[in-house]
Amino acid sequence: MDNIPINQDQLYQESNEKVKLFQLANATDNKSSILTNLSNPFNNSQNFNQQFQITEKFKECLIKSIALIGLPRVINSMMILKSNTPHPLRSPSTASPSHSRDFKLSYDQNTENGKKYWDTVYKGSLSSRISQQLESASRDLWGYTLTNTYGVLLSYSEILSPKETSLLILCCLIPQDVNPQLKGHLKGAVNNGCSREEIEQGRQLGILISQWCGVTWKDEVAKLRL
C-alpha cells in the first residue's frame with residue numbers, strides 16, 4: 001500500500017471550511033442538509049480511499065505488534081479501534097479492497113519468507129550470530145521467531161512497507177527497556193531504508209509518548225551507532 005502524504009495546509013483549510021459550514025448551518029433554514037454533508041467525511045472517493053488506507057495501516061500496526069507487546073493488549077486495542085472507526089471504514093470496499101495475509105501458506109513457505117525478511121534486518125555475520133544465539137537458547141524459540149514472527153507477521157508488506165515496519169518495531173521496543181533488541185533493530189531500520197534522521201525522530205517520538213505514560217528506563221534508551 002502506497003504511503004499517503006499528509007498536507008497540513010490542506011487539513012487546516014478543510015477544518016476551517018467545516019467550521020464555516022457549521023456556522024452557516026445554524027444561521028440558515030437549510031440546516032439539516034448542510035449538517036448531513038458536514039458529518040459525512042466520505043463525500044468523495046478520494047477522501048474515502050485515503051481514510052480507508054489509513055485505517056488499514058492502523059490495524060496492520062496492531063497486528064504486527066502482536067509479537068512485540070503481546071496478544072491480549074492487541075486484542076483490546078483492536079476492539080477500541082473498531083469501536084471508534086466509522087462503519088464505512090470497517091469493511092472492505094470495491095474501490096479500496098482490504099488486504100490480508102494468506103494463512104494457507106505452508107510451513108516451508110512461511111519459513112522462507114521469514115528468512116528473507118530476517119536477512120534484510122540483520123546483515124552478514126550478524127544474521128547468523130543472532131540466529132545461533134536464539135537456537136542455542138531454545139530450538140523452539142528460534143523456530144517460532146523465524147516462521148511465525150518474521151514469516152507470518154513481519155515479512156508481510158502489502159500494507160506497511162519494510163521501512164514502516166522497522167519504525168513500528170522501534171516504537172514498540174522503546175517503552176519496554178530492552179536495549180539489546182532495540183540496538184539490533186536500529187541497525188535493521190537502516191537496512192530497511194530508513195535515514196538516520198527518520199530513525200532519531202521515531203526514537204524521540206517513542207521516548208516522548210512513553211514519558212507521557214509514565215515509563216522510566218534503567219539506562220539511556222539505545223541510539224543508532226554506525
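Assorted remarks:
- Selected residue [among the aromatic types (Phe, Trp, Tyr), in contact (Cβ under 8 Å) with a residue 40 or more places away in the chain, within 30 Å of ASN47 (Cβ to Cβ) and surrounded by 17 or more Cβ atoms within 10 Å (Cβ to Cβ)] from TYR117, TYR122, TYR156: TYR156
- Remark: SER98 matches the filter, which requires a residue to be part of a loop (DSSP other than H, G, I, E, B), within 25 Å of GLU164 (Cα to Cα), modelled with pLDDT under 90 and within 19 Å of the chain's Cα centre (by Cα).
- Residue pairs meeting the criteria (Cβ under 8 Å; at least 6 apart or on separate chains; first in contact (Cβ under 8 Å) with a residue 12 or more places away in the chain, in segment 170-193; second assigned to a helix (DSSP H, G or I) and among the acidic types (Asp, Glu)): ALA189/GLU198
- Matching residues in segment 159-169 - criterion: being in contact (Cβ under 8 Å) with a residue 60 or more places away in the chain, of a type in the set (A, V, I, L, M) and under 28 Å from THR216 (Cβ atoms): LEU168, ILE169
- Within segment 70-97, residues that are of a type in the set (Lys, Arg) sit with their Cβ atoms under 7 Å from residues that are exposed (fewer than 14 other Cβ atoms within 10 Å of the Cβ) and modelled with pLDDT of 85 or more, at 6+ positions apart or across chains, in these pairs: ARG90/LYS82.
- Breaking point among (1) under 29 Å from LEU146 (Cα atoms); (2) at pLDDT below 95, for SER91: (1)
- Among the conditions (1) more than 13 Å from LYS64 (Cα to Cα); (2) surrounded by 16 or more Cβ atoms within 10 Å (Cβ to Cβ), the only one that GLY143 does not satisfy is (2).
- Given (1) modelled with pLDDT under 95; (2) under 27 Å from THR55 (Cα atoms), index of the condition ASP219 fails: (2)
- Residues within segment 136-156 that are hydrophobic (A, V, I, L, M, F, W, C) and more than 17 Å from GLN181 (Cβ to Cβ), tallied: 1
- Residues located in segment 194-220, provided they are more than 28 Å from SER157 (Cα to Cα) and either in contact (Cβ under 8 Å) with a residue 40 or more places away in the chain or among the β-branched types (Val, Ile, Thr) (or both): VAL215, THR216, TRP217, LYS218, ASP219
- With respect to the stated conditions, ILE130 fails to be within 26 Å of LEU224 (Cβ to Cβ), surrounded by 14 or more Cβ atoms within 10 Å (Cβ to Cβ) and touching a Leu at 6+ places or on another chain (Cβ under 7 Å).
One line per residue, one yes/no per condition, for (1) within 30 Å of GLN51 (Cβ to Cβ); (2) among the acidic types (Asp, Glu):
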{"residue": "ASP119", "(1), (2)": "no, yes"}
{"residue": "ILE130", "(1), (2)": "no, no"}
{"residue": "GLY143", "(1), (2)": "no, no"}
{"residue": "LEU146", "(1), (2)": "no, no"}
{"residue": "LEU167", "(1), (2)": "yes, no"}
{"residue": "LYS183", "(1), (2)": "no, no"}
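The values are calculated or read from the model by the stated rules, or taken from the named source; none is laboratory data. For clarity, every value in this text was computed on a predicted model and none was experimentally measured. Positions of Cβ are backbone-derived with ideal geometry, glycine not excepted, and every protein chain shown enters the neighbour counts.
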